[in-house]
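Since the structure comes first, as structure tokens, the remarks are kept for the end.
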Amino acid sequence: MHVSYWCVLAAALLPFAFTAIAKTIGRREFTNRAPRVFQSKLTGMAARAHWAHLNSFEAFPPFAAGVLIAQQIGAAQGRIDALAVAFVVLRIGYGACYLADQATARSLVWTAGFACTVALFVIGA
């Protein structure tokens, strides 16, 4: 299986890593009976982990589509793999910036990750 496909799996799992962090930090209040109520009351790093979780779900569909479309149109596999790995690394960095409350760095890393997604759509053009 191509590296880029493994990256799609990794990107699909990232939101769950961030929500696990939110639940771990806010564990005293966590109840699985009402997770949305719990999430709405998060503050500080736990809230930022939840926001990274939500943004990771938002970033996933266009990334996954970009990998599949680039593969389907016959773009160079090495370029697809490199962009996919870069995306996953940047998304991990994005989450780290979110947790550390580094808004400017987070925005720069988000932009670079988004550029990887856009590049996946255009590398075969």
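The set of residues in segment 77-111 that are exposed (fewer than 13 other Cβ atoms within 10 Å of the Cβ) and either part of a helix (DSSP H, G or I) or at pLDDT below 95 (or both) comprises Gly78, Ala103, Thr104, Ser107, Thr111. Can you list residue pairs whose Cβ atoms sit under 6 Å apart, with the first residue in segment 52-69 being touching a residue at least 12 places away in the same chain (Cβ under 8 Å) and the second being of a type in the set (S, T, N, Q)? Count only pairs 6 or more apart in sequence or on different chains. Qualifying pairs under 6 Å: His53/Thr19; Pro62/Thr117; Phe63/Thr117; Gly66/Thr117; Val67/Ser4.
Restricting segment 63-88 to residues that are within 13 Å of Val3 (Cα to Cα) and of a type in the set (Val, Ile, Thr) leaves a set whose member that is farthest from the chain's Cα centre (by Cα) is Ile80. Taking the criterion of being farther than 18 Å from Ala12 by Cα and without any contact (Cβ under 8 Å) to a residue 60 or more places away in the chain, the residues of segment 71-86 that qualify are Gln72, Ile73, Gly74, Ala75, Ala76, Gly78, Arg79.
The values are calculated or read from the model by the stated rules, or taken from the named source; none is laboratory data. Quantities reported herein were computed from a predicted structural model and do not represent experimental measurements. All Cβ positions, even for glycine, are placed from backbone atoms using ideal geometry, and neighbour counts span all protein chains on display.
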